[in-house]
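The values are calculated or read from the model by the stated rules, or taken from the named source; none is laboratory data. Only a predicted model underlies this, so the values are computations on that prediction, with no experimental measurement involved. Cβ sites come from the backbone with ideal geometry, for glycine too, and all protein chains shown count toward neighbours.
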């Protein structure tokens, strides 16, 4: 929606602080919808649906990961074609049945169906809030913008995981924990419908003044790429984009393992539901709050080394999870895993924003998030099968090794994408 020339469009956090802050709040609600499952659903699978095999119990994460990965791709394409706000609204509408299905599910297939819808919701809403913040922030503070976005989502997920753990301990696994998720959906839909504004014109404004890096690395990444070319560049051909895509996939592979198997591991050691909720929320809380720091650091120090260090930190933390057997040591490992993920998560998104041309950046974000969230599905399959064959701890060790390998791939393949020189600040006589 355009307004008078008294409010020209300008890129940057400061001139767009009101709308940016609103989008941070919206993404917090998106994260809260995800967080309602982190503590409760693995226990629900074991205690109410009596799913003894890990592979069967993790089918909900597989359904979530496959659906979210595919939806991420379409979210980027549809955001360029139809605008960001319509995609965001559709994502919230799809979320409405999710907590209701989880509350009323008489069989495990209902839970799997709920997670198909949850994957669609998360793919559409989270991808769109990422794209909208990149639109508004401009190139200079992109890492900070992604840090704020991801921090909001994962801090909310952590708080919800903790809250649902205590609700489950006090009132049972159903329905109380999922009523919290239902309230998030209602609030998120209302804010998005009545207060969020379209941001696509900000990307067009940046595209008008887009400059090529002095080292010439982006000369081939011109504006008129087809969807197929965007997919190939982001997935395989462009070194920084492809390295980011594989690191994102492995990052969410180990998060899928943490989501599905850690509560079962903790319960097998005799921890109470409340303690399990604390550990699940601790990972997410450090991950969330840490991104407030790491997003800004990537703007100062660059992206590559922060991503490499983050992947190796995650691998070390997973090794501690596999070898420990007390609440205290698991809490230390949870802090390490959250810190390593915080180093990686906003920095990978900022890398995509650095390299991709504004004209196809939304599609590149969609492709990156397709690969990243496919990690949930790969992680669910890998963790479930290896846990059933060799045990929970062996599954964790295998994922730790994969995470370390991914860090070395980033070190070898990615170049530094962040320029320390500020980009020119475009302005427009019309605003949105």
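Here are some notes:
- Among residues of the stretch 263-301, those that are closer than 16 Å to residue 154 by Cβ and buried (at least 24 other Cβ atoms within 10 Å of the Cβ), counted: 12
- Residue, farthest from residue 408 (Cα to Cα), within the stretch 218-241, restricted to residues that are surrounded by 18 or more Cβ atoms within 10 Å (Cβ to Cβ) and at pLDDT below 85: 225
- Within the stretch 26-58, being in contact with a helix residue (DSSP H, G or I) (Cβ under 7 Å, 6 or more places away or on another chain) and surrounded by fewer than 21 Cβ atoms within 10 Å (Cβ to Cβ) holds for 43, 46, 49, 51, 53, 55.
- Taking the numbered list (1) more than 17 Å from the chain's Cα centre (by Cα); (2) at pLDDT 95 or above in turn, residue 109 passes all entries but (2).
- Residue within the stretch 72-90 that is buried (at least 22 other Cβ atoms within 10 Å of the Cβ), without any contact (Cβ under 8 Å) to a residue 60 or more places away in the chain and farther than 17 Å from residue 180 by Cα present: yes
- Test: residue 15 is in contact (Cβ under 8 Å) with a residue 60 or more places away in the chain, in a loop (DSSP other than H, G, I, E, B) and out of contact with any helix residue (DSSP H, G or I) (no Cβ under 7 Å at 6 or more places or on another chain): no
- Subset of the stretch 362-391 (residues that are surrounded by 24 or more Cβ atoms within 10 Å (Cβ to Cβ) and not in a helix (DSSP H, G or I)): none
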